[in-house]
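Values quoted throughout were computed directly from the atomic coordinates according to the rules given, and no laboratory measurement underlies them. Given the structure is predicted, the values throughout are model-derived calculations rather than measurements. Quick reminder, even Gly has a Cβ in these numbers, built from the backbone with ideal geometry, and neighbours come from all protein chains shown.
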């Protein structure tokens with residue numbers, strides 16, 4: 001079982017308490033200006049499907065209930081970092097440097 | 001025919017030297033959601049300093065509060081005491097907007113005690129039970145069912161389960177209790 005660090009509970013807890021919630025940092029197009037069909041399609045459906053470190057959202061469903069972001073290697077399932085929603089996206093090169 | 005609304009008569013469910021499980025009497029339960037800035041106002045209204053670290057608890061008389069999330073608390077009290085708290089919080093609503101919902105009927109509580117209490121919980125709960133400090137608690141999962149676990153002592157726990165899942169979880173605890181007793 002994976003152990004996931006919840007940045008809100010500040011504890012490392014079993015995967016069963018968490019749910020996966022798709023790719024992170026997918027920004028909704030600003031509807032104040034006209035949004036093209038293509039932009040809207042990209043927002044709704046187009047994802048990266050990364051092999052390797054992946055920025056993704058998780059939710060501590062059976063716990064504090066919060067969504068948070070994580071960087072997980074999709075090959076090894078290793079979590080490089082988890083961080084709160086709204087915090088700046090950590091640079092991948094820094095994370096890989098740290099995990100060495 | 002199977003009853004769709006079990007009676008949930010309080011009393012012992014599993015008894016023995018290793019572990020005992022009992023269904024507790026109905027309690028008053030309130031779910032509180034509010035923003036960080038309004039914590040002092042609601043603390044004064046309830047008469048308890050709301051704990052802010054997730055998992056920590058505070059108690060004053062019959063009222064027991066646990067912090068479940070950054071903006072979420074569960075308040076447990078006597079079944080007759082909810083109106084007093086609801087009124088107290090409603091009085092400060094204009095000053096500190098919040099959500100306070102009476103969820104007394106949503107859950108039942110089982111008490112798990114005895115030297116085998118931790119072992120019994122591990123059959124359904126993936127958390128390391130030993131890491132939950134005495135006097136704290138958490139919301140976690142018990143064999144697929146979301147539940148709030150309160151640790152009152154080294155070998156004393158309370159488990160709040162939504163009543164629709166309760167017959168299943170109670171059955172699981174009874175099976176586990178019988179196995180622990182047979183060992």
Checklist outcome for this item: Taking A:84-92, B:107-115 and ranking on average Cβ neighbours within 10 Å, highest first, one gets B:107-115, A:84-92
Checklist outcome for this item: Per-residue ellipticity at 222 nm attributable to helices in the protein assembly as shown (runs of n ≥ 4 DSSP H, -39500 (n - 2.57) apiece, nearest 500 deg cm²/dmol) works out to -6000 deg cm²/dmol
Checklist entry - Under 16 Å from the 7 Å Cα→Cβ point of residue B:102, by amide nitrogen: which residues of the range B:62-82? => result B:75-82
Next on the checklist: Could you work out how much longer the chain between residue B:94 and residue B:183 gets when fully extended? Use 0.36 nm per residue separation minus the Cα distance between them, nm to one decimal.
Outcome noted: 26.2 nm
Next on the checklist: On C-alpha positions alone, give me the angle between the axis of helix B:166-182 and the longest principal axis of chain B, in degrees, nearest 10.
Outcome noted: 40 degrees
Next on the checklist: Suppose a student asked you for the relative contact order of the range B:28-102, using Cα pairs under 8 Å spaced at least 6 residues apart; what percent would you report?
Outcome noted: 43 percent
Item to check | Per-pair calculated FRET efficiency, R0 = 35 Å: residue A:12 and residue B:15 via Cβ, rounded to 0.05 | outcome: 0.45
Checklist outcome for this item: Helix B:82-91 sits off the longest principal axis of the Cα atoms of chain B, rounded to the nearest 10 on a 0 to 90 degree scale, by 30 degrees
Item to check | Fewest-first sequence of A:62, A:54 by Cβ atoms within 10 Å of each Cβ | outcome: A:54, A:62
Next on the checklist: At 7 Å along Cα-to-Cβ for each site, give me the label-to-label distance between residue A:25 and residue A:91 in nm.
Outcome noted: 1.2 nm
Checklist entry - Averaged across the residues of A:57-66, what count of C-beta atoms belonging to other chains lies within 10 Å of each residue's C-beta? => result 5
Checklist outcome for this item: Quick shape check on the range B:28-102: root eigenvalues a ≥ b ≥ c of the Cα gyration tensor, a/c under 1.5 is rounded, otherwise prolate if a/b tops b/c, else oblate, and it reads oblate
Checklist entry - Mind checking the mean number of beta-carbon atoms from other chains within 10 Å of the Cβ atoms in B:135-141? => result 4
Next on the checklist: Show me the ranking of peptides B:45-52, B:70-77 by mean Cβ neighbours inside 10 Å, starting with the highest.
Outcome noted: B:70-77, B:45-52
Checklist entry - Quick one: if the Förster radius is 30 Å, what FRET efficiency do residue B:134 and residue B:163 give, using the C-beta to C-beta distance and rounding to 0.05? => result 0.65
Checklist entry - For B:102-115, what's the mean count of beta carbons from other chains sitting within 10 Å of each residue's beta carbon? => result 0
Checklist outcome for this item: Most exposed first, judged by fewest Cβ atoms within 10 angstrom, B:63, B:19 run B:63, B:19
Checklist entry - FRET efficiency for residue A:77 and residue B:37, Cβ-Cβ distance as r, R0 = 35 Å, nearest 0.05? => result 0.35
